[in-house]
Amino acid sequence: ADTPFSGDKKGVYLNPEDSDQLLSEITGQPIIVPNGMIVTPVLTVKRVDFASGNIRFDGSVIVLGDVAEGMKVFALEDITIEGSVTDATIECMGNLNIKGCVTGNTELIVNGDINIKGGAQGYQEIAEPVSDDDHTAKIVAHGSIIVGFVENFHLEAGVDIVVEKYAMNSQLMAENKIVTGAKNSGKKPSIMGGITWAMVMIKGTLLGSSAGIKTHVQAGSNPYIQKRIAAIKSELIPNEKEQAYVRKIIAFI
């Protein structure tokens, strides 16, 4: 008997030159259905570990569990992680939503917004600005960052940074505002230690610590421009020394 393809042709179409062949209409994950196949633009995995391997998908990714140590996840659109992330690298061109916590030397690089419901905790204290090449506890978003708490992490946001509870021994940089404290959190929002740097405003209830932790706060200047100026100055110093050496040679000749 001639069994036709399933009427559900989501993401696929019949090859006009071969009635026995389905072709993908979009880039995505193929899923078998009765008497056929569909393609969905969302890739769903139980967890990301050595069993699944690293994930690279030209769409959105949903992880139902955790992302294990040393793993990498990349998506051209959004990424949603129902669990936690430990010592992993996550990159996407859309938004990133993590319902658990982020721990260890994790790197999150996102073109949109980042929302970490649990919080972010690194292994070592972040005392100095980190470079783009350093593999450290780092969260970078072109949009805004919302996090439950942050400790020993480096955060950069193209818009705002919102810390619902507290920030400790971290480096926070935002082109717009940095705000600690969320509605109905029931706790006093605080910034303790590290560097907090925003162009427009820094807002919190407690600043510094009675334990003597050094806390640096700066507002009213663009942190990214200041970083670039510092980098240029560091390049000029060796150039000046080299020019002085060249001038001595010319004078001798």
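The values are calculated or read from the model by the stated rules, or taken from the named source; none is laboratory data. For clarity, every value in this text was computed on a predicted model and none was experimentally measured. All Cβ positions, even for glycine, are placed from backbone atoms using ideal geometry, and neighbour counts span all protein chains on display. Note: areas computed on protein heavy atoms with side chains; ligands, DNA, RNA excluded. Shrake-Rupley method; radii C 1.70, N 1.55, O 1.52, S 1.80 Å.
Checked against the criterion of being closer than 22 Å to Val85 by Cβ and either touching a Leu at 6+ places or on another chain (Cβ under 7 Å) or of a type in the set (Lys, Arg) (or both), the range 150-159 has at least one qualifying residue. Counting only strands (runs of 3 or more DSSP E) that fall entirely inside the range 1-105 and contain at least 2 residues that are touching a Pro at 6+ places or on another chain (Cβ under 7 Å), the qualifying elements are 36-40. Could you please let me know if Tyr245 is within 24 Å of Thr106 (Cα to Cα), open to solvent by 60 Å² or more (accessible area, probe 1.4 Å) and either outside any strand (DSSP E or B) or of a type in the set (Asp, Glu) (or both)? It is false that Tyr245 is within 24 Å of Thr106 (Cα to Cα), open to solvent by 60 Å² or more (accessible area, probe 1.4 Å) and either outside any strand (DSSP E or B) or of a type in the set (Asp, Glu) (or both). Residue-level check: of (1) without any contact (Cβ under 8 Å) to a residue 60 or more places away in the chain; (2) open to solvent by 50 Å² or more (accessible area, probe 1.4 Å); (3) under 28 Å from Leu108 (Cα atoms), Met168 misses just (2). Taking the criterion of being among the small types (Gly, Ala, Ser) and outside any strand (DSSP E or B), the residues of the range 107-121 that qualify are Gly112, Gly118.
Looking at the range 64-80, is at least one residue more than 29 Å from Val147 (Cβ to Cβ), surrounded by fewer than 17 Cβ atoms within 10 Å (Cβ to Cβ) and not aliphatic (A, V, I, L, M)? Among the residues of the range 64-80, not one is more than 29 Å from Val147 (Cβ to Cβ), surrounded by fewer than 17 Cβ atoms within 10 Å (Cβ to Cβ) and not aliphatic (A, V, I, L, M), which makes the answer no.
Give me the residue from the range 1-29 that is within 44 Å of the chain's Cα centre (by Cα) and among the hydrophobic types (A, V, I, L, M, F, W, C) and, out of that set, farthest from Phe74 (Cα to Cα). My answer is Phe5.
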